[in-house]
Structure formats: C-alpha cells, structure tokens
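Structure first, then comments.
The values are calculated or read from the model by the stated rules, or taken from the named source; none is laboratory data. In this text, all values refer to a predicted model and were calculated from it rather than measured experimentally. Heads up, the Cβs are rebuilt from the backbone with ideal geometry, glycines too, and the neighbour counts pull from every protein chain shown.
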C-alpha cells in the first residue's frame, strides 16, 4: 500500500489522498474517530475506521454509543422553544432573562446527554446562536438536521402568530362585558355595597390598566356607583382553568 492512498469522509465530502501518518494525526486531533468511513486501494467499499489497521491510533476508551441510542428529548425542546416562549408575558422586564435561563438549562441537559454517550460537545457559546448549536449537535451526534429544520419552522410560526397579536388573554371577557358587570354586582351585593333598590351596577369610565400573558389575566378600573356614592373600583379577570373555558372576577382589596 502506498504512503498516500488513504481517503476519509468528513462532513459529507470525500477527503484525500493522505498518508498513513497524516491519518494518525487526524485521529489524534479527534477529527477522525470511531465510525468514520475510510477507504484505500484494495477495499471494495468504504469501511469504518476501526475495522482497518488505523484502529491502533484510536483511544483506548470505548467508542460513542450508536446514534440511535442517544436521546433527542432536550434538543427537540430547544427546537420548539420559539413556540413555547409565546406563552410568556411579552411585556415582562424579565423576559430576556427567562428565555436565556431556559435555553441555558436545555443546552446543559442536552450536552450532558451527548457527553454521557461519548460524543464531542458543541461549545456552550452557541446557545446565543441556536441554529448553529443545533447544526453542530446533529453533526457531532451523526444525526440528520431535523431539529434545525424544526427550529426554523417553529421560529417562522411564532413570528406569524406574534404578528397577528395572539395572546392568551385576548379571548378573556372585556372589562365592560355584561357577564363581568353582573358578577361584580353580585360580589358587591353579597357585601352589602350595592345601592339599595338597584339590581344593576352603574359603571362609567371603564378601562383596562394592565394585562398579563403569563397569568392570562387583565386588570380593569371603573367609577362604580355604590351606596357610598361613586367610588373607583379595581377588578381582575383571570382564567380559572388550563383549558381557558372558565374565568373568575376578583375585586381588588376584597
């Protein structure tokens, strides 16, 4: 066999020819390893590096687990995170910190899975550029780029949803909803604050003062007629179940 008749696969491309000593250097630098397809004259087809004489240059540690044995749970959590972040309150001052904290946790968990399986780890710095992290992760784990494609789909979908102004509190009853006003009247009546002789609640200057996407609620204020006269009334409308089918009304301070 000639000194320069080794070929190897890297990132989907055929590399070579290179000498046997050069192949040994590539192995020692971790560019080549277990499972890398190689070929030289005399072989009928490409074979794994460890099935050739180059195995003597491989480290004595066991090879990485088969790609099918590596869990993709956390990498898919990263991929769909743009959609999950829609559930957060976009007005929160802590939103960037929450997003960064979640991504750090997911990347740390995914890197632990890769490390325990024996694969090289993408740098932590790539969590600031999620597509690059996903690309390198799939490359190192010798898997397809499905999570990267999924991330782009999730990102486009989240941008489209955001552009429509979607949020969880959008379908909550408005501050001046008749059912909300009736509920307020019942609460005030139970506490003896409703004007005697009146079953309806007289409200004016009704307006929304705050809203929370994370808790799916809105806070309203109005000038309300009670037996004490016209007084300001603050109340909150909030979803009471995870299916967003029922809500409750609470008067602040009661």
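Number of residues in region 49-68 that are assigned to a helix (DSSP H, G or I) and surrounded by fewer than 14 Cβ atoms within 10 Å (Cβ to Cβ) equals 5.
Among the residues of region 89-108, those identified as buried (at least 16 other Cβ atoms within 10 Å of the Cβ) and either assigned to a helix (DSSP H, G or I) or within 11 Å of the chain's Cα centre (by Cα) (or both) are 102, 103, 106, 107. For region 49-64, which positions are under 15 Å from residue 26 (Cβ atoms) and under 41 Å from the mean Cα position of the chain (by Cα)? The answer is 49, 50, 55, 57, 58, 59.
Per the conditions (1) outside the structural domain of residue 106 (by TED's automatic domain parsing); (2) buried (at least 17 other Cβ atoms within 10 Å of the Cβ); (3) at pLDDT 90 or above, the sole criterion not satisfied by residue 33 is (3). Against the list (1) surrounded by 15 or more Cβ atoms within 10 Å (Cβ to Cβ); (2) in contact with a helix residue (DSSP H, G or I) (Cβ under 6 Å, 6 or more places away or on another chain), the condition residue 71 fails is (1). In region 99-117, the residues that are closer than 20 Å to residue 69 by Cβ form Cβ pairs under 6 Å with partners that are assigned to a helix (DSSP H, G or I) and at pLDDT 95 or above, at six or more places apart or across chains, as follows: 109/74; 110/74; 110/75.
Could you please let me know if residue 42 is loosely packed, with under 13 Cβ neighbours inside 10 Å and either at pLDDT 90 or above or farther than 28 Å from residue 147 by Cβ (or both)? For residue 42, the condition - loosely packed, with under 13 Cβ neighbours inside 10 Å and either at pLDDT 90 or above or farther than 28 Å from residue 147 by Cβ (or both) - is met.
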